[in-house]
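Asks: I have a structure I would like to understand better, so I am pasting it below and will then ask my questions one at a time.
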């Protein structure tokens with residue numbers, strides 16, 4: 001397994017999150033070897049992503065696709081800090097699939113106005 005972590009400085013983290021959820025996820029899922037993608041609003045006007053692929057080539061392609069997407073959508077993110085390498089340790093809850101499915105459903109649910 002191969003991981004790529006990208007870290008960006010952004011002006012509007014919520015707008016980046018919305019665009020990623022609406023338009024970027026299908027692009028990243030289409031890359032051969034795709035395993036998982038996690039987007040993170042990391043505070044202080046920063047945004048990060050964790051990309052997991054079965055191959056180093058897929059992880060490298062995810063970096064190219066991410067940078068191109070940011071440029072195409074004029075996100076003005078600048079050059080991301082990228083950490084990439086082979087996954088060497090992992091663990092997960094026995095019910096990780098159920099927990100992540102519920103989380104994805106909560107993201108897709110319409111938000112309630114205050």
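The values are calculated or read from the model by the stated rules, or taken from the named source; none is laboratory data. Quick caveat: nothing in here was measured; it's all calculated off a predicted structure. Positions of Cβ are backbone-derived with ideal geometry, glycine not excepted, and every protein chain shown enters the neighbour counts.
Asks: Please verify whether the range 64-87 includes one or more residues that are modelled with pLDDT of 90 or more, surrounded by 15 or more Cβ atoms within 10 Å (Cβ to Cβ), part of a helix (DSSP H, G or I) and in contact with a strand residue (DSSP E or B) (Cβ under 6 Å, 6 or more places away or on another chain).
Replies: Scanning the range 64-87 turns up no residue that is modelled with pLDDT of 90 or more, surrounded by 15 or more Cβ atoms within 10 Å (Cβ to Cβ), part of a helix (DSSP H, G or I) and in contact with a strand residue (DSSP E or B) (Cβ under 6 Å, 6 or more places away or on another chain).
Matching residues to (1) at pLDDT 90 or above; (2) surrounded by 13 or more Cβ atoms within 10 Å (Cβ to Cβ); (3) part of a loop (DSSP other than H, G, I, E, B); (4) under 15 Å from the mean Cα position of the chain (by Cα):
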{"position": "18", "(1), (2), (3), (4)": "yes, no, no, yes"}
{"position": "42", "(1), (2), (3), (4)": "no, yes, no, yes"}
{"position": "48", "(1), (2), (3), (4)": "yes, yes, no, yes"}
{"position": "61", "(1), (2), (3), (4)": "yes, yes, no, yes"}
{"position": "90", "(1), (2), (3), (4)": "no, no, yes, no"}
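Asks: Does at least one position in the range 94-105 carry a residue that is modelled with pLDDT under 90, within 24 Å of residue 1 (Cα to Cα) and outside any helix (DSSP H, G or I)?
Replies: Yes.
Asks: Related question: All but one of (1) closer than 15 Å to residue 107 by Cα; (2) free of Cβ contacts under 8 Å to residues at least 40 places away in the same chain; (3) not in a strand (DSSP E or B) hold for residue 28; which doesn't?
Replies: Exception for residue 28: condition (1).
Asks: With 16, 50, 10 as the choices, which residue is closer than 15 Å to residue 87 by Cα and touching a residue at least 40 places away in the same chain (Cβ under 8 Å)?
Replies: 50
Asks: List, please: which pairs have Cβ atoms under 7 Å, are six or more places apart or on different chains, and start with a residue in the range 93-110 that is closer than 18 Å to residue 22 by Cα and end with one that is part of a helix (DSSP H, G or I) and at pLDDT 85 or above?
Replies: Close Cβ pairs (under 7 Å, with a partner that is part of a helix (DSSP H, G or I) and at pLDDT 85 or above) amount to 107/21.
Asks: Is it the case that some residue within the range 29-37 is at positive phi, surrounded by fewer than 18 Cβ atoms within 10 Å (Cβ to Cβ) and in contact with a helix residue (DSSP H, G or I) (Cβ under 6 Å, 6 or more places away or on another chain)?
Replies: Among the residues of the range 29-37, at least one is at positive phi, surrounded by fewer than 18 Cβ atoms within 10 Å (Cβ to Cβ) and in contact with a helix residue (DSSP H, G or I) (Cβ under 6 Å, 6 or more places away or on another chain), which makes the answer yes.
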